[in-house]
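Novice: This is the structure I want to talk about, given as structure tokens.
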Amino acid sequence: MEQDQVLSVYGALHDTGALKQLEEYRNKADRLQQLVNQSVELFTRRTEEDLVSYVVTSLLQAFVPRHVAVFLDPLEYKAPVKTLYYRNLKPEEPPVRLASIDWLEPVLETSQEAVSFTAVLAAAPREAEALRPLDPELVVPLLGLNGLYGVVVIGARILDDPYTEEELRYINQFFVFASIGLQNILHYVSAVTDYKTRLYNHSFFNQRLMEEIQKVRRYGARFALLEIDIDHFKRLNDTYGHLAGDEVLYQFSRILEKSVRTEDVVSRYGGEEFLALLVECPPRDTLAVAERIRRAAEERVFSFRGEDIRMTVSVGVTYSYCAGLEEPADVIARADFALYEAKERGRNQVCTCRPGLLGVARRRRLARQAEAGC
């Protein structure tokens, strides 16, 4: 096609408005493709923190707002509302913290879409005033397994351009995908964690322990296993009540989390017993971790309804000496034997199960008891 013909066709398209319409179609197609790509990213995020970080980054890049704040309802017992805040594209200490987001639930769940701050202010004027330092334009819900899990407050844009109808549709669709991704994460977390302590449950721990045993078999890797038991826990429950016992379990679980590395795995084994899998941890460092846990429990004053509660723990330690020939239950039985020795010696101490006839006999006895249903 010659240049004159091209110009003629272009002029005709422009005069009829078709060119503008084609440009709008192209922009919509680009936006849809962007949403498809982002949905894949959202669905593959493995942690709540990772997903929220991606959501915030996407919003900042797409709209360049002055403020973005994320308020997440905590799943953990007695934990505060989690807050992330960005001003002029940079993370900063938030100027606003919320004690609860429950007041936003009736406002946001009716639409499940972005709501203008004006509408939020009209529905809950006293509570919404706290959001004013964020220069809010939009409040968007993040829906979890049981309703409203979090809210994202999007401020006015740096160039003061209004959010268009097309952009609002994009935001709403984007947060549908974000909510689905969040629900997947929360469902997974609930499936692998113990509700009372927020540690991993025993089923997940066994899976991870089996993975480490496989590494021992294939690559000669090593690990250590701690079994920790709260001393005289029944006496604690009888003295202070079961609610106090639950509080001690929760607070002690936080001690365990702080005492190990991110690559280690801590689980509630059952009742007042816990397991800690220390990956690639040599014996000297393992004993240091075990002693750190024992000492932290002994020195900690646990509080419950004005009562000061003290307790101690016993710790059994074993290593991956012969894990290549064992199953998870065998390794746990060795740690259990060491814990039994610690309690026999007076509690509030760390004992190690070393290879030998005594450990073999103990494992065989535990196996026979398990087969007999004891």
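The values are calculated or read from the model by the stated rules, or taken from the named source; none is laboratory data. Being a predicted model, the structure only gives us computed values, none of them experimental. For neighbour counting, all protein chains shown are included, and Cβ atoms are generated from backbone atoms with ideal geometry for every residue, glycine included. Keep in mind that these areas ignore ligands, DNA and RNA; they rest on the heavy atoms of the full protein, side chains included. Shrake-Rupley method; radii C 1.70, N 1.55, O 1.52, S 1.80 Å.
Novice: Take the stretch 220-297, drop everything but the C-alpha atoms, weight them equally and run the Debye formula without solvent; then report log10 I(q)/I(0) at 0.12, 0.13, 0.25 Å⁻¹ to two decimals.
Specialist: -0.36, -0.41, -1.20
Novice: Considering just Cα atoms, how many Å³ per residue does the convex hull of the stretch 151-216 enclose?
Specialist: 161 Å³
Novice: Kirkwood Rh, the stretch 97-139, all Cα pairs: how many Å?
Specialist: Details: mean 1/r = 0.0951 Å⁻¹.
Evaluated on the stretch 97-139, it is 10.5 Å.
Novice: While we're looking at this one, here's another question. Could you please put Tyr219, Tyr321 in sequence from largest to smallest accessible area, using a 1.4 Å probe? Can you show the working numbers first?
Specialist: Details: Tyr219 170, Tyr321 110 Å².
From most accessible down to least: Tyr219, Tyr321.
Novice: Can you tell me the order of 191-201, 253-263 when each peptide is scored by its average per-residue count of other Cβ atoms within 10 angstrom, highest first? Could the numbers behind the result be given before it?
Specialist: Numbers: 191-201: 17.1, 253-263: 15.1.
Peptide ranking by packing, descending: 191-201, 253-263.
Novice: Same structure again: Give me, ordered by chain and number, the residues 5 or more places off Leu142 or on other chains with an amide H under 5 Å from its own placed amide H.
Specialist: Under 5 Å from the amide H of Leu142: Tyr149, Gly150, Val151, Val152.
Novice: Suppose every Lys and Arg Cβ carries +1 and every Asp and Glu Cβ carries -1, with no other charges. What dipole size does the stretch 78-201 come out with about its Cα centre, to the nearest 20 debye?
Specialist: On the way: 11 positive and 16 negative charges, 132 e Å.
Computed charge dipole of the stretch 78-201: roughly 640 debye.
Novice: Could you sort Thr44, Thr318 by their accessible area in this structure, using a 1.4 Å probe and putting the largest first? Mind showing how you got there, number by number?
Specialist: Details: Thr44 85, Thr318 0 Å².
Output order, biggest surface exposure first: Thr44, Thr318.
Novice: Let me ask something additional. Based on the Kirkwood radius over alpha-carbon pairs, what is the Stokes-Einstein translational diffusion coefficient of the stretch 52-136 at 37 °C with 0.692 mPa s viscosity, in µm²/s? Can you show the working numbers first?
Specialist: Working: Rh = 13.9 Å.
D = 237 µm²/s.
Novice: Also: Could you tell me the ratio Rg/Rh of the stretch 200-260? Both radii from Cα atoms, Rh via Kirkwood.
Specialist: Answer for the stretch 200-260: 1.14.
Novice: Quick one: grab Rg to one decimal and Dmax as a whole number for the stretch 73-218, Cα atoms only, in Å.
Specialist: 19.2, 64
Novice: Shifting gears a bit: What's the FRET efficiency of Ala221 with Glu298 using the Cβ-Cβ distance as r and R₀ = 25 Å, to the nearest 0.05? Numbers along the way, then the final one.
Specialist: Numbers: r = 32 Å, r/R0 = 1.30.
Taking R0 as 25 Å, the efficiency between Ala221 and Glu298 is 0.15.
Novice: On average over all directions, what projected area in square nanometres does the stretch 254-345 have, based on the convex hull of its Cα atoms?
Specialist: Numbers: hull surface 27.7 nm².
Value for the stretch 254-345: 6.9 nm².
Novice: Per Stokes-Einstein, at 37 °C and 0.692 mPa s, what whole-number D in µm² s⁻¹ belongs to the stretch 158-273, with the Kirkwood radius over Cα pairs as the hydrodynamic radius? Walk me through the numbers before you get to the answer.
Specialist: Working: Rh = 18.0 Å.
Translational diffusion coefficient: 183 µm²/s.
Novice: Okay, next question. Once the Cβ-Cβ distance between Leu60 and Thr262 is put in as r, and R0 is 30 Å, what FRET efficiency do you end up with, to the nearest 0.05? Could you put the intermediate results ahead of the total?
Specialist: Values: r = 27 Å, r/R0 = 0.89.
Once the sixth-power term is evaluated, E becomes 0.65.
Novice: Along the Cα-to-C-beta direction of Glu92, a point sits 7 Å from the Cα; which residues of the stretch 38-66 have their amide N less than 14 Å from that point?
Specialist: Hits in the stretch 38-66 for Glu92 at 14 Å: 65-66.
Novice: Same structure, new question: Quick one: if you stick a label point 7 Å off each Cα along the C-beta vector at Met210 and Asn172, how many nm between them?
Specialist: In this crude spin-label approximation the distance works out to 4.6 nm.
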